Amino acid sequence: MVNPPVRPLKEVVARALSGGALFDVREAGEINQGHIPGTTALPRRMIELQIAQLVQRHDTPVTVYDEGGRRAALAAATLKELGYTNVAVLEGGTAAWTAAGGTLVEGKNVPSKTFAEEMFEHERLPQITAEALEEKRQSGAPFVLCDIRAPEEHAIGHVPGARNVPGVELAAVAADLAGNSVPVVVHCAGRTRSILACQTLRALGVKDAFALKNGTMGWTLAGYTLEREPGAPLSPSAQSLRAGTQASRTLAEAAGASAISAADSLSLMAEIAAGKANGYVFDVRQADAYAERHLKDTVWLPGGQAFLFADENIAVRSAPVVCVDDGGPQAWMTAYWFRRLGYPDVRVLDGGLPAVADPALMETGRRKPKPLQLDESRKAVPRVDAAEAKRLLEAEAGATVVDVNTSKNYARGHLAGAVWIPRGWLELWSTDGSCTLGSPLLVTCQNGLQSGYAARTLAKLGHPRVMVLDGGLDAWKKAGLPLEEGKPKGRTVDVVKNPYERTREDMVKYLDWEQKLAQKAQ
């Protein structure tokens, strides 16, 4: 028998990324500490919830890895159980990768952030410090200040006087801003999105555009206070909207994006839904517009965030990416940046939603894809309501509450005495003595979803008395029952805090890391 050829590990990874997907199945905090370039994060606990949206064709080459432990093999088994037929484990994981001379990249959304920092250096984009901006404010000098983050982020806190114009929405008001002949300052929480927004405005003719250095974090570090009241809306004139749409299309087509007709879009979406093709169809408008009316089976990914979170939402880089809007500039502007980021097949629904004639193809509300094997998990073990769970815990002293929430949610509230065993590590931790075989196990999470999958796994591992708290902690609280707070014991590297939620020292370190990305890429 002829043994298969031995290939260098870097070649194995390159093959995995060519027409396929490479997933790091560790928890977010671990991935943040160092992962293989080109990776899409897919923690084990999220496989059933996300894989159908990330990889539609079940024969797609899928490679999974961890640190060199057991979780990758467990993840591969889950994927095979879900019907994926071409799954491989990167033997040795990150440990083997580094031993073979490969480097790991730290952080989250590294491809987009690295691109932004490289563009910042190459284009020599102008920026303004918090101190200089405050001086402008105090002097009464005319300028327009735009917070280009999502409305939810804007509401948490923004630079005083900022008007919320999320990301690619800037394209609609660019002509108006250019005609005002006053400086325009854009800000986000840190650097990436404001750099992108500044270059967007400059590409659309607003030459006097500046990025606020280090965004709201820079503002906070300078000793200034953020404002919570939402800024006044900045609506485009009809002329500016038309100009922005045409200019965005010109930029996108020059970058290699193309238009796709409604008929061809629907045909592609049918193939994706049937699992005959991989592909991603994103509605890039804001949440309220999407909820009011959108094309069925489109995924909501607002254009201002699409560039930043591209690596989280596009696992098969070679697959077509279609951007959808109302026929304005958002989809073309998003497509432009996707192409600049290196995605090879980017298209825009020509004419937007108005080009789709059949109203039956539209739906309202937020799309909620059904997680895979949800019914099987619900049927696998009994579910008890809050009252029944309370009686069980009072009657049986040996009963154990197993909380599979994230460490962040566990710290916010959990049942008294609950053992924290994150679902990604469940098989490994459930045999360490935390769960006594034969004793009742009540499995909880926030809403009953993750706990259903976890309980099914525990039953397969041989625990005979496993139950799920139906509706999770949300139902427990609704019943008026108490929770206790406190951090869990054990490793808590499952989540990553937003930079602006950290200490001043952490903010400084994060901003320094971002600025050095361009140097590391060289």
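The values are calculated or read from the model by the stated rules, or taken from the named source; none is laboratory data. Here the structure is a predicted model, which is why all the values come from computation and not from measurement. Cβ: placed from backbone, ideal geometry, glycine included. Neighbour counts: every protein chain shown.
Before we move on, is residue 75 more than 25 Å from residue 193 (Cβ to Cβ) and among the aliphatic types (A, V, I, L, M)? Judged against the criteria, residue 75 is a match. As a summary of the residue check, residue 372 satisfies the conditions (1) of a type in the set (A, V, I, L, M); (2) within 30 Å of residue 199 (Cα to Cα); (3) in contact with a Leu (Cβ under 6 Å, 6 or more places away or on another chain) except for the one numbered (2). Take segment 391-406 and flag every residue that is surrounded by fewer than 17 Cβ atoms within 10 Å (Cβ to Cβ) and either within 15 Å of residue 471 (Cβ to Cβ) or of a type in the set (Lys, Arg) (or both). 391, the sole residue that qualifies. Taking segment 1-101 and the helices (runs of 4 or more DSSP H) fully enclosed by it, the elements with 1 or more residues that are surrounded by 21 or more Cβ atoms within 10 Å (Cβ to Cβ), of a type in the set (Lys, Arg) and touching a residue at least 12 places away in the same chain (Cβ under 8 Å) are at 71-81. Scanning segment 293-331 for residues that are acidic (Asp, Glu) and buried (at least 22 other Cβ atoms within 10 Å of the Cβ) returns a single hit, 325.
Does residue 329 qualify as being out of contact with any Ser or Thr (no Cβ under 9 Å at 6 or more places or on another chain), over 29 Å from residue 460 (Cβ atoms), modelled with pLDDT of 95 or more and not assigned by TED's automatic domain parsing to the domain that holds residue 450? Criteria not met by residue 329. For residue 157, the test of being surrounded by fewer than 21 Cβ atoms within 10 Å (Cβ to Cβ), among the small types (Gly, Ala, Ser) and over 26 Å from the mean Cα position of the chain (by Cα) is failed. Hey, could you check segment 162-195 for residues that are in contact with a Lys or Arg (Cβ under 7 Å, 6 or more places away or on another chain) and farther than 18 Å from residue 287 by Cα and say which is surrounded by the most Cβ atoms within 10 Å (Cβ to Cβ)? The qualifying residue surrounded by the most Cβ atoms within 10 Å (Cβ to Cβ) is 193. Within segment 268-287, the set of residues being in a helix (DSSP H, G or I) and within 15 Å of residue 324 (Cα to Cα) comprises 268, 269, 287. How about segment 128-157: which of its residues are under 21 Å from residue 233 (Cα atoms), of a type in the set (A, V, I, L, M) and in a strand (DSSP E or B)? Those that are under 21 Å from residue 233 (Cα atoms), of a type in the set (A, V, I, L, M) and in a strand (DSSP E or B): 144, 145. Can you tell me which residue is surrounded by the fewest Cβ atoms within 10 Å (Cβ to Cβ) among those in segment 273-283 that are out of contact with any Phe, Trp or Tyr (no Cβ under 8 Å at 6 or more places or on another chain) and not polar (S, T, N, Q)? Looking at residues that are out of contact with any Phe, Trp or Tyr (no Cβ under 8 Å at 6 or more places or on another chain) and not polar (S, T, N, Q), I get 274. Out of 389, 355, one residue alone is aliphatic (A, V, I, L, M) and more than 18 Å from residue 296 (Cβ to Cβ). It is 389. Among the residues making up segment 444-474, those that are within 27 Å of the chain's Cα centre (by Cα) and aliphatic (A, V, I, L, M) are 449, 454, 455, 473. Residues that are part of a helix (DSSP H, G or I) and closer than 20 Å to residue 517 by Cα within segment 167-215 comprise 192, 193, 194, 195, 196, 197, 198, 199, 215, listed in sequence order. The residue that is surrounded by the fewest Cβ atoms within 10 Å (Cβ to Cβ), among those in segment 237-268 that are within 27 Å of residue 346 (Cβ to Cβ) and in contact with an Asp or Glu (Cβ under 6 Å, 6 or more places away or on another chain), is 261. Scanning segment 256-277 for residues that are under 25 Å from the mean Cα position of the chain (by Cα), closer than 23 Å to residue 329 by Cβ and among the hydrophobic types (A, V, I, L, M, F, W, C) yields 257, 268, 269. Among the residues making up segment 472-522, those that are within 30 Å of residue 391 (Cβ to Cβ), outside any helix (DSSP H, G or I) and not charged (D, E, K, R) are 479, 480, 481, 482, 483, 486, 488, 490. Yes or no: residue 502 without any contact (Cβ under 8 Å) to a residue 60 or more places away in the chain and surrounded by 15 or more Cβ atoms within 10 Å (Cβ to Cβ)? When the stated conditions are applied, residue 502 does not pass them. For segment 336-370, the set of residues classified as within 14 Å of residue 310 (Cα to Cα) and surrounded by fewer than 16 Cβ atoms within 10 Å (Cβ to Cβ) consists of 342, 344, listed by residue number.
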